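What follows is a short report on a single structure.
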Amino acid sequence: MPLAVCGRFAIYGFVVVVFTTSELLGRALGIRFASETLGTLYQYLDPAILEDDLARGLYYLHAQPPLFNLGLGLVLKLFPDSFLPVFSMLMGASALALLLAMAWLMRRLGAPDWIAGVVVLLFALSPNFLVYRNWLFYTLPVALMLVAGAMALLLYLESGRKLALGSVAAATGAVMMTRSLFHPLWLVLVVAAVLPFLARRERRRLTIAFVAPLLVVSLLFLKNQLLVGSFTGSTWLGLSLTKRWPLSQEEVTKLKGSGVIPPYWQRRPFQEPDELAVHGFFEDDGPAVHPALDAAYKTNGEPNFNHRDYVAISDALLEGDIRLIRRFPGRYVERTATALLLFLQPGPNSVHFLVDYDFARVHRYRDLLTRYLFLGGGVERPIRMLDPSPNLLLLIFPALLGVGAWSVLCGPAEHRALHAYMLVTVLWVTAVSNLVEIGENDRMRWEIEPFLAIWVATLATALRRRFDSSAEAAKRAL
């Protein structure tokens with residue numbers, strides 16, 4: 001019995017060893033925990049608000065869903081003198097939990113321990129994992145929440161327990177309250193994809209369970225509507241869609257003159273308040289409500305992109321972007337194709353200019369893997385249209401989508417709902433991130449990369465069984 005128990009949990013001991021190895025590799029590559037972005041990233045409230053006025057700051061936050069800022073503020077309040085090591089410890093625990101959860105899911109889906117172990121090893125030693133584990137941002141937590149939702153869904157399918165069902169709702173709700181990419185429509189599509197694989201009783205229970213997270217997110221949207229007139233989880237859609245349109249300066253000048261796009265339209269739309277003041281913004285002529293809404297700059301001198309005027313700016317830019325899409329549909333297709341090429345780069349390609357440590361060794365490690373494992377090239381900035389180098393991910397990614405689709409349609413009946421959840425999520429992130437964003441797309445892909453890794457294990461397991469069956473048939477024939 002002890003040997004059986006030891007064998008059952010050996011894979012998790014192996015995962016801990018793998019995580020330790022990845023920590024040592026990160027140190028060897030010069031990676032350190034990057035928390036300096038706490039005061040510089042646009043997505044965060046002013047650190048002074050996080051520390052001293054967290055509740056009101058979260059209420060007046062409209063640029064982003066509030067959950068990650070809530071976590072930042074709680075750590076700053078509870079550990080005012082030691083928040084840096086606490087942040088690092090929490091991100092490290094999240095990284096280890098992600099690896100353990102991936103191994104658990106692969107085992108439940110029928111992968112042998114050695115296949116699960118190899119997949120986890122490759123995932124943990126990838127440059128993306130090393131960098132995102134050591135960056136104070138929501139990329140890693142979102143990946144963990146998505147995988148936690150998958151675990152809870154599988155546990156519910158196996159046991160029918162209300163606790164597991166509540167955990168699914170909590171995980172998906174937490175994702176939407178952390179990352180505006182995950183709109184309520186994503187959850188509606190997930191539910192619609194999962195329900196056909198459930199019995200009638202489970203369908204009703206699952207549908208009712210997901211009312212709670214949808215209601216919570218709808219209340220967030222309503223709060224933003226009442227606060228700044230925008231029924232959404234993030235008021236940056238117009239800003240994001242304006243980035244890097246393939247237009248010449250002469251074309252931009254003519255389009256501004258004809259009123260197609262506003263006079264402050266720029267290919268790099270996140271302009272500071274001082275640059276936009278000439279257009280009549282940030283005059284501070286109304287009654288002050290709260291610094292999160294009224295202060296043009298944070299107390300540390302960084303721009304406050306949660307200022308109320310950025311809502312009007314983003315809305316006007318969105319109207320201009322829609323006119324551009326109608327007038328130049330081919331340019332928008334070109335922009336989207338470039339975004340997809342960035343999405344399918346091994347990466348990481350969009351972090352080095354945000355952190356303070358020397359990225360040279362990470363770049364050499366990434367370039368080595370990109371060149372010899374994925375047969376691709378590097379990404380240069382500024383990004384030119386259709387310039388990102390193609391690599392094997394352009395073939396691997398659709399192949400893994402095929403594995404996910406096959407698992408939904410032809411896989412074991414007890415696992416089809418889980419694969420449907422994963423497939424809808426991967427397709428959603430792929431579509432929305434590339435239709436809107438251009439620049440940080442490879443980072444967005446990483447948030448659903450654990451699901452891709454699980455499908456690698458699914459494919460490897462199926463091929464192994466096919467090989468074993470062929471070998472057994474050959475033996476019988478002899």
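Throughout, read-outs are computed from the coordinates displayed, never taken from laboratory work. Just so we're clear, the structure is a prediction, and the values are computed from it rather than from any experiment. A quick note on method: Cβ atoms are made from the backbone with ideal geometry, for glycine too, and the neighbour counts reach across all protein chains shown.
Using Cα atoms only, what is the angle between the long axis of helix 67-78 and the major principal axis of the chain, expressed in degrees (0 to 90) to the nearest 10? Here the helix axis deviates by roughly 90 degrees.
Each residue of segment 263-280 is assigned a 3J(HN,Hα), and the resulting list reads x, 9, 5, 9, 5, 10, x, 7, 8, 6, x, 4, 6, 9, 4, 4, 8, x Hz, derived from the Karplus form 6.51 cos²θ - 1.76 cosθ + 1.60 (θ = phi - 60°), x at Gly and Pro.
For residue 297, the residues whose amide H sits under 5 Å from its own are 304, ignoring neighbours fewer than 5 places away on the same chain, with H placed 1.01 Å from N. Which listed residue (138, 116, 265) has the Cα farthest towards the positive end of the charge dipole for the chain, taking +1 on Lys and Arg C-beta and -1 on Asp and Glu C-beta about the Cα centre? Result: 116.
Rounded to whole numbers, the Karplus 3J(HN,Hα) couplings from phi for segment 125-142 are 9, 6, x, 4, 4, 4, 6, 6, 5, 10, 10, 7, 8, 8, 4, 5, x, 5 Hz, using 6.51 cos²θ - 1.76 cosθ + 1.60 with θ = phi - 60°, and x at Gly and Pro. Helix 162-176 and the longest principal axis of the Cα set of the chain meet at an angle near 40°.
Treating only the Cβ atoms of Lys and Arg (+1) and Asp and Glu (-1) as charged, compute the dipole magnitude of the chain about its Cα centre; round to the nearest 20 debye.
Rounded to the nearest 20 debye, it is 2260 debye.
Close amide H partners of residue 34, meaning residues 5 or more places away or on another chain with modelled amide H under 5 Å apart, are 135, 136. By the scheme Lys and Arg +1, Asp and Glu -1, what is the net charge of all other residues having a beta-carbon under 12 Å from that of residue 143? Surrounding charge for residue 143 is +2. With a cut-off of 10 Å between beta carbons, the residues surrounding residue 47 carry a summed charge of -3, where Lys and Arg count +1 and Asp and Glu -1. Rounded to whole numbers, the Karplus 3J(HN,Hα) couplings from phi for segment 290-297 are 6, x, 4, 9, 9, 7, 5, 10 Hz, using 6.51 cos²θ - 1.76 cosθ + 1.60 with θ = phi - 60°, and x at Gly and Pro.
Neighbour counts of other Cβ atoms within 10 Å put 162, 475, 243 in the fewest-to-most order 475, 162, 243. Judged by the ratio a/c of the largest to the smallest principal axis of the C-alpha gyration tensor, segment 248-327 counts as prolate, that ratio being 1.5 or greater while a/b is larger than b/c. Most tightly packed first, judged by the mean number of other beta-carbon atoms within 10 Å of their residues, the peptides 222-233, 273-284 read 222-233, 273-284. Counting neighbouring Cβ atoms within 10 Å and putting the fewest first, the residues 406, 446 line up as 406, 446.
The stretch between residue 431 and residue 56, if pulled fully straight at 0.36 nm per residue, gains 131.6 nm over its current Cα-Cα span.
Here the contact order of segment 1-145, divided by its residue count and restricted to Cα pairs under 8 Å and six or more residues apart, works out to 35 percent.
Look at the dipole of the chain built from charges on Cβ: of 282, 226, 322, the Cα furthest out on the positive end belongs to 322. Relative to the longest principal axis of the Cα atoms of the chain, the long axis of helix 113-124 makes an angle of roughly 20 degrees. When you restrict to C-alpha pairs under 8 Å that are six or more residues apart and normalise by the size of the chain, the relative contact order lands at 21 percent. Only one item in (1) 210; (2) 180; (3) 140 matches volume of the Cα convex hull per residue in Å³ derived from the coordinates shown, and that item is (2).
Look at where the Cα atoms of segment 184-202 and of segment 272-293 average out, and the two centres are 44 Å apart. Per-residue extension of 0.36 nm, minus the Cα-Cα distance of residue 327 and residue 414, leaves a gain of 26.5 nm for this segment.
Given +1 at the Cβ of Lys and Arg, -1 at the Cβ of Asp and Glu and no other charges, the dipole of segment 248-327 around its Cα centre is 500 debye to the nearest 20.
Here's the picture: charge each Lys and Arg Cβ at +1 and each Asp and Glu Cβ at -1 in the chain, and of 242, 378, 101 the one pushed furthest to the positive end of that dipole is 101.
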